[in-house]
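Structure first, then comments.
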Amino acid sequence: MDFNMIQYFKSDIKSKAKFHISLGHETVMAKVTLFSSPAKNEKSGGGFDFDREYQFDESYSKNSEKSDESDGEASLPRDRFVLLEFETAVPVLPECIVIGSKLDTDINANLCRLAFHGKALKTFTTKDFAKTDLPNLKIYKDKCKEGVVERASNEYEVIVKDLVKKETNVDLFTGLKVELSTGEPGVIEGSFGQSGKIKVRIMQGLKPDTFVRIGGGKKKKGENTGFTEPVVVKLKFKRYIFDEKKKMIQL
């Protein structure tokens with residue numbers, strides 16, 4: 001359903017929280033999953049579409065719209081949605097009005113208990129919808145792993161530690177792109193040894209300063225390069241939250 005927060009509701013609305021959901025003559029509990037995407041106008045086919053990708057949102061608050069404007073993506077409005085997973089099956093009419101509330105809030109607390117509202121956009125009718133339907137919903141989380149360059153084998157290859165755990169299957173990471181904190185892009189080639197270290201190919205070669213900084217080239221014993229900060233390797237990717245295989249996706 002599309003998501004509209006009720007401005008008098010003071011608490012944040014968080015993914016995985018449970019709310020009382022009222023639709024038609026029914027009120028039942030449901031777990032919520034919040035997600036959004038940059039808004040599209042009607043001419044370009046705005047609204048919900050299974051072909052679009054959506055970013056997972058941890059929470060919404062009454063200041064969410066303002067925070068969007070302060071983000072890097074220059075004040076672009078966002079289409080906001082919420083997935084409702086009901087504890088019991090309920091009849092749902094297309095585009096019916098849906099209201100989410102916290103009816104267990106103390107009635108003497110003088111707080112608005114109505115949290116959000118919207119229209120039902122899509123429904124799932126199979127009992128095992130979590131396996132058959134939800135994987136088609138492209139909601140992703142941005143992920144980032146960090147490691148440290150231990151040394152340079154040569155100007156085009158570095159050995160990285162702490163990016164993955166010792167027991168991790170490095171084959172799952174082979175071919176993924178990384179970036180050094182000094183700016184050089186690289187590609188994971190595979191494992192190095194048995195302790196969880198990996199080899200990264202620097203396709204364009206290390207900068208001379210970087211090569212010296214991580215101990216490359218000829219250096220006299222005990223010579224201080226003058227650098228104390230390690231070179232960090234970042235692996236950025238996204239993962240669809242309903243993908244059972246947990247594939248790592250990069251552009």
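The values are calculated or read from the model by the stated rules, or taken from the named source; none is laboratory data. Everything numeric in this text was worked out from a predicted model, so none of it was measured. Just so you know, the surface numbers come from the protein's heavy atoms only, side chains and all, with ligands and any DNA or RNA stripped out. Shrake-Rupley method; radii C 1.70, N 1.55, O 1.52, S 1.80 Å.
Here are some notes:
- Average accessible surface for the chain: 64 Å² per residue, computed with a 1.4 Å probe over protein heavy atoms with every protein chain in place.
- Compared with the alpha-carbon gap, the fully stretched path from N110 to Q7 is longer by 35.6 nm at 0.36 nm per residue.
- Gain in span if fully extended, K127 to V148, counting 0.36 nm per residue against the direct Cα distance: 2.9 nm
- Per-residue Karplus couplings for the stretch 143-159, computed as 6.51 cos²θ - 1.76 cosθ + 1.60 with θ equal to phi - 60°, are listed in order as 10, 8, 10, 10, x, 10, 5, 7, 6, 10, 6, 6, 5, 10, 8, 10, 9 Hz, Gly and Pro entered as x.
- Segment Q204-E167, extension gain: residue separation times 0.36 nm, minus the distance between their alpha carbons: 10.3 nm
- If the convex hull is drawn through the Cα atoms of the stretch 153-197, its volume per residue in Å³: 72 Å³
- Calculated diffusion of the chain, Stokes-Einstein form, Kirkwood radius summed over Cα pairs, 10 °C and 1.306 mPa s, µm²/s: 73 µm²/s
- Share of carbon and sulfur in the accessible area of the chain stands at 48%, probe radius 1.4 Å.
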